[in-house]
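Visitor: Take this structure first; my questions come after.
The values are calculated or read from the model by the stated rules, or taken from the named source; none is laboratory data. Predicted model, so just to flag it, every value in this text is computed and none were measured. Using ideal geometry, Cβ is built from the backbone for each residue, glycine included, and neighbour counts are taken over all protein chains shown.
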Amino acid sequence: MFTTVLPKRELAQREIAQGTLPLDLFAAIESLKKSLNAVILAHYYQEPDIQDIADFIGDSLQLANAAAKTQADVIVFAGVHFMAETAKILNPEKMVLLPDITAGCSLADSCPPEAFAAFKAKHPQHLVISYINCSAEIKAMSDIICTSSNAVKIVQQIPKEQPIIFAPDRNLGRYVMQQTGRDMLLWQGSCIVHETFSEKKIVQLKVIHPDAEVIAHPECEETVLRHADYVGSTAALLKYCQQSKSQGFIVATEPGIIHQMQKAAPDKQFIPAPPTNNCNCNECPFMRLNTLEKLYLAMKNCEPEITMSEEIRLAALRPMQRMLSMS
Ligand code: 13P
Ligand code: SF4
């Protein structure tokens, strides 16, 4: 699915394995930032070191806005492939680098373009609203893009008689249906990370920490959301725990966000919601593919670079622009 070929990738991996990287990666990255006129955009799910070196940290909507406004020549996107692709859709003339080109997304992958085209063809009267966690091909087949921050607001702006297909996340789609009272046809995609949380373990944690609030991302299943005191995007969860009077929070989203929560509210306690199995499956395996070493090498080698056909880019740009004007 990824369009980029990596002639220098093996060399970069060898450099990591041989330990021939600069000792002070932070200084080396800062220096490359200046020489390339680069900006580093990082999602809240990135490892703490990457968040700390980033020029801008945000949720999907904030990152799309930052990508749309940047004056830099090079965008280093510390996130997953669909996010870097979004930056490229908005900035065709800029170089967009993704530290690990294999950093995909299970949710985006759960909506293959051919199957989605066939599904869409069966419902020609429906307006297609797609969550930003999808490939450029799916965006190109959509009428409007949304993120977890603005999905409810966007659906509320659609006339009531207009039927809607919502893709690819069935959990966000179901949550938006509950919030808006709208019936929508849902593509049955999901995120492996947000479907891993255990309702039973969350309830056990609530018993141990009776004063803690449960805060959850709308990609979680209904069984988790029904225990949530607050549901929102990563940026909304961060803001909520700063403003709430509570001193403790059980956080049902990828625990990378806790780095910023702890920085913003150092006296409060943040407890990651546990996965069903005894694993680290609440950490996004795709987001965690990016490391500080790979970020440095991507900047040094100007690879891996995101590319796409101009036809797909232009088709994907239209629903992105509609989102930016509606949110
Ligand atoms: P946000 O829109 O909250 O950043 O969510 C992105 C994401 O990938 C959640 O899994
Ligand atoms: Fe995709 Fe889920 Fe990872 Fe977000 S947390 S990038 S939706 S796999």
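Visitor: Can you tell me which of Ser244, Ser198 is more than 16 Å from ligand 1 (Cβ to nearest atom), modelled with pLDDT under 95 and either touching a helix residue (DSSP H, G or I) at 6+ places or on another chain (Cβ under 9 Å) or polar (S, T, N, Q) (or both)?
Guide: Every option except Ser198 fails the conditions.
Visitor: Okay, moving on. Among Glu199, Glu219, which is surrounded by fewer than 22 Cβ atoms within 10 Å (Cβ to Cβ) and in contact (Cβ under 8 Å) with a residue 24 or more places away in the chain?
Guide: Going through Glu199, Glu219 in turn, just one is surrounded by fewer than 22 Cβ atoms within 10 Å (Cβ to Cβ) and in contact (Cβ under 8 Å) with a residue 24 or more places away in the chain: Glu199.
Visitor: Tally up the residues in the stretch 217-231 that are more than 8 Å from ligand 1 (Cβ to nearest atom) and either more than 21 Å from Cys281 (Cα to Cα) or of a type outside the set (A, V, I, L, M, F, W, C) (or both), please.
Guide: First, pick out the residues of the stretch 217-231 that are more than 8 Å from ligand 1 (Cβ to nearest atom): 218, 220-231.
Now narrow it down to the ones that are either more than 21 Å from Cys281 (Cα to Cα) or of a type outside the set (A, V, I, L, M, F, W, C) (or both): 218, 221-223, 226-227, 229-230.
Qualifying residue count, the stretch 217-231: 8.
Visitor: Check Ala212 against each of (1) without any contact (Cβ under 8 Å) to a residue 60 or more places away in the chain; (2) within 16 Å of ligand 2 (Cβ to nearest atom) and name the one condition it does not meet.
Guide: Condition not satisfied by Ala212: (2).
Visitor: Looking at (1) crowded, with 22+ Cβ neighbours inside 10 Å; (2) not in a helix (DSSP H, G or I), find the lone condition where Pro159 falls short.
Guide: (1)
Visitor: Another one. Please state which one of Ala38, Ala78, Ala68 is within 22 Å of Ala151 (Cα to Cα) and either within 16 Å of ligand 1 (Cβ to nearest atom) or in contact with a strand residue (DSSP E or B) (Cβ under 8 Å, 6 or more places away or on another chain) (or both).
Guide: Ala68
Visitor: Another question about this same structure. For a quick check of your reading of the model, give me the residue pairs whose first member lies in the stretch 283-303 and is within 16 Å of ligand 1 (Cβ to nearest atom), whose second is not in a loop (DSSP other than H, G, I, E, B), with beta-carbon atoms closer than 7 Å and at least 6 apart or on different chains.
Guide: Once the first residue is within 16 Å of ligand 1 (Cβ to nearest atom) and sits in the stretch 283-303, its partners that are not in a loop (DSSP other than H, G, I, E, B) give Glu283/Pro255; Met287/His43; Met287/Gly256; Asn290/Ile50; Asn290/Ala78.
Condition check ((1) at pLDDT 95 or above; (2) closer than 25 Å to Ala67 by Cβ; (3) of a type in the set (A, V, I, L, M); (4) assigned to a helix (DSSP H, G or I)) across all residues:
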| residue | (1), (2), (3), (4) |
| --- | --- |
| Ala228 | yes, no, yes, no |
| Ile250 | yes, no, yes, no |
| Ile258 | yes, yes, yes, yes |
| Gln262 | yes, no, no, yes |
| Asn278 | no, no, no, no |
| Arg288 | yes, yes, no, yes |
| Leu295 | yes, yes, yes, yes |
| Glu311 | yes, yes, no, yes |
| Ser325 | no, yes, no, yes |
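Visitor: Let me ask something else. Given the residues Ile138, Ile145, Ile165, which is the only one that is within 16 Å of ligand 2 (Cβ to nearest atom), part of a strand (DSSP E or B) and of a type outside the set (Gly, Ala, Ser)?
Guide: Checking each option against the conditions leaves just Ile145.
Visitor: Next up: Condition test on Leu98, is it of a type in the set (A, V, I, L, M, F, W, C), at pLDDT 95 or above and either farther than 27 Å from Gln178 by Cα or under 16 Å from the mean Cα position of the chain (by Cα) (or both)?
Guide: Here the answer is yes, as Leu98 does meet what is asked.
Visitor: Does at least one position in the stretch 267-279 carry a residue that is buried (at least 20 other Cβ atoms within 10 Å of the Cβ) and more than 19 Å from Glu219 (Cα to Cα)?
Guide: There is no residue in the stretch 267-279 that is buried (at least 20 other Cβ atoms within 10 Å of the Cβ) and more than 19 Å from Glu219 (Cα to Cα).
Visitor: Additional query: Taking the stretch 236-248, which residues are basic (Lys, Arg) and part of a helix (DSSP H, G or I)?
Guide: Lys239
Visitor: Taking the stretch 13-37 as the search range and keeping residues that are more than 15 Å from Lys294 (Cβ to Cβ) and of a type in the set (A, V, I, L, M), which one is nearest to ligand 2 (Cβ to nearest atom)?
Guide: Looking at the filtered set, the residue picked out is Leu36.
Visitor: Let me ask something additional. Please enumerate the residues belonging to the stretch 131-178 that are within 13 Å of ligand 1 (Cβ to nearest atom) and of a type in the set (S, T, N, Q).
Guide: If the condition is that a residue be within 13 Å of ligand 1 (Cβ to nearest atom) and of a type in the set (S, T, N, Q), then Asn133, Thr147, Ser148, Ser149, Asn150, Asn171 are the ones that fit.
Visitor: Let me ask you something else. Could you figure out which of (1) within 14 Å of ligand 1 (Cβ to nearest atom); (2) surrounded by fewer than 16 Cβ atoms within 10 Å (Cβ to Cβ); (3) among the aliphatic types (A, V, I, L, M) isn't true of Ile257?
Guide: Exception for Ile257: condition (2).
Visitor: On the phi > 0 side of the Ramachandran plot and more than 15 Å from ligand 2 (Cβ to nearest atom) - does that describe any residue in the stretch 184-196?
Guide: Looking for residues that are on the phi > 0 side of the Ramachandran plot and more than 15 Å from ligand 2 (Cβ to nearest atom), one finds none in the stretch 184-196, hence no.
Visitor: Output the residue which, of all residues in the stretch 109-132 that are touching a Ser or Thr at 6+ places or on another chain (Cβ under 6 Å) and not small (Gly, Ala, Ser), is surrounded by the most Cβ atoms within 10 Å (Cβ to Cβ).
Guide: Ile132
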